[in-house]
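> Would you mind keeping the following structure in view while I ask a few things?
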Amino acid sequence: YQNAIFALSGKIIEDVAGLPLQEIIQNKIFDPLHMSTASTSYDALQESDNIALPHKRTRRGWRPMQLNKKYFNDGIAAGGVNASITDMGKWLKFLLGNNPEVMMHHTMSDVFNPVIEVEGKGKYYQKWPGHFKSFYGLGWRVHSFADEQTQEPRTMIHHGGSVNNYRSEIAIYTEDDLGICVLFNSQNKMARNCIPDIYKIINEVKKSMDAEGIFP
């Protein structure tokens, strides 16, 4: 996994399609998925009337930070996408296979196929409950973990990152048909465990609803 490779892939896509990457993403992803607030430019982010500026903790408390243009120049494919949590919900539904007209299921399976094992034990996600193995897919990490209650093996497709002092975590639990996305406008410790924490809360709610005979 390397941002430079994603930036290079963006250039290759432009050369093959004969169009700017921004236009390709808009036509092939944003428009078909109705991601109406998503964009891939610094100007679009600046012009939005509904954004949370990135913040940084200082000795005088939290302070807003200036937006950085660098990811919107040559690094769009590596991290130059702006999206609201509403649009990320649409993106999660897409990743769970609900839009075959945009991308076929077998292509998605190729993207999520584990390829290279992540070695060591120092990554934050390697400390999540039940974790026992992680791999790199195509731009995603594929985690194997044991369910806390049943100890059955489960799979999580995951990616977390930081751009422009924003922090994000996204995970897909294919067996549960569940997606989780958390967006932060600062660097903070909550990001490290928000995925397993929210997954646990969701499971507790589901069990409570099952016990009471309530079905969504």
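> Give the stretch 54-90 a look and list any residue that's free of Cβ contacts under 8 Å to residues at least 40 places away in the same chain and of a type in the set (Phe, Trp, Tyr), or say none.
Of everything in the stretch 54-90, just one residue is free of Cβ contacts under 8 Å to residues at least 40 places away in the same chain and of a type in the set (Phe, Trp, Tyr), namely PHE72.
> Can we say GLY139 is more than 30 Å from PHE30 (Cα to Cα) and either aromatic (Phe, Trp, Tyr) or at pLDDT below 95 (or both)? Don't jump to the end; show me each part of the working.
Working: more than 30 Å from PHE30 (Cα to Cα): no; either aromatic (Phe, Trp, Tyr) or at pLDDT below 95 (or both): yes.
So GLY139 fails the test.
> Also, I was wondering about something else. Taking the options SER109, SER134, SER144, name whichever one is among the polar types (S, T, N, Q) and out of contact with any Phe, Trp or Tyr (no Cβ under 9 Å at 6 or more places or on another chain).
Values: SER134 fails: out of contact with any Phe, Trp or Tyr (no Cβ under 9 Å at 6 or more places or on another chain); SER144 fails: out of contact with any Phe, Trp or Tyr (no Cβ under 9 Å at 6 or more places or on another chain).
Matching residue, one of SER109, SER134, SER144: SER109.
> Additional query: I'd like to check something: does the stretch 125-142 contain any residue that is more than 21 Å from CYS194 (Cα to Cα) and within 18 Å of the chain's Cα centre (by Cα)?
Yes, the stretch 125-142 contains at least one residue that is more than 21 Å from CYS194 (Cα to Cα) and within 18 Å of the chain's Cα centre (by Cα).
> Further question: Could you go through the stretch 33-53 and let me know if any residue there is in contact with a Pro (Cβ under 7 Å, 6 or more places away or on another chain), open to solvent by less than 80 Å² (accessible area, probe 1.4 Å) and part of a loop (DSSP other than H, G, I, E, B).
yes
> I've got another one for you. Only one residue in ASP110, ASP87 is modelled with pLDDT of 95 or more, under 20 Å from ILE170 (Cα atoms) and acidic (Asp, Glu), so which one is that? Steps first, answer last, please.
Values: ASP110 fails: modelled with pLDDT of 95 or more.
Exactly one residue qualifies, and that residue is ASP87.
> Which residues, taken from the stretch 182-207, are touching a residue at least 40 places away in the same chain (Cβ under 8 Å) and touching an Asp or Glu at 6+ places or on another chain (Cβ under 7 Å)?
Selection gives ILE195 alone.
> Search the stretch 12-32 for residues being touching an Asp or Glu at 6+ places or on another chain (Cβ under 8 Å) and in a loop (DSSP other than H, G, I, E, B), and hand back the single one that is farthest from GLY89 (Cα to Cα).
PRO20
> Taking only the stretch 54-72 into account, find how many residues are under 27 Å from LEU138 (Cβ atoms) and open to solvent by 100 Å² or more (accessible area, probe 1.4 Å).
Residues flagged as under 27 Å from LEU138 (Cβ atoms) and open to solvent by 100 Å² or more (accessible area, probe 1.4 Å) within the stretch 54-72 amount to 1.
For every residue, the table says whether it meets (1) closer than 30 Å to HIS55 by Cβ; (2) open to solvent by 80 Å² or more (accessible area, probe 1.4 Å); (3) assigned to a loop (DSSP other than H, G, I, E, B).
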position: GLU101; (1), (2), (3): no, yes, yes
position: GLY122; (1), (2), (3): yes, no, yes
position: HIS158; (1), (2), (3): yes, no, no
position: SER168; (1), (2), (3): yes, no, no
position: ALA191; (1), (2), (3): yes, no, no
position: PRO196; (1), (2), (3): yes, no, no
position: SER208; (1), (2), (3): no, no, no
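> Also, quick follow-up: Given (1) assigned to a loop (DSSP other than H, G, I, E, B); (2) closer than 25 Å to VAL142 by Cα; (3) open to solvent by 50 Å² or more (accessible area, probe 1.4 Å); (4) touching a residue at least 40 places away in the same chain (Cβ under 8 Å), identify the lone condition not met by LYS93.
Result: LYS93 passes all but (1).
The values are calculated or read from the model by the stated rules, or taken from the named source; none is laboratory data. Keep in mind that this is a model prediction, so the values were computed, not measured. Virtual Cβ from ideal backbone geometry, glycine too; neighbours counted across all protein chains shown. Ligands, DNA and RNA are excluded from the accessible area calculation, which covers all protein heavy atoms including side chains. Shrake-Rupley method; radii C 1.70, N 1.55, O 1.52, S 1.80 Å.
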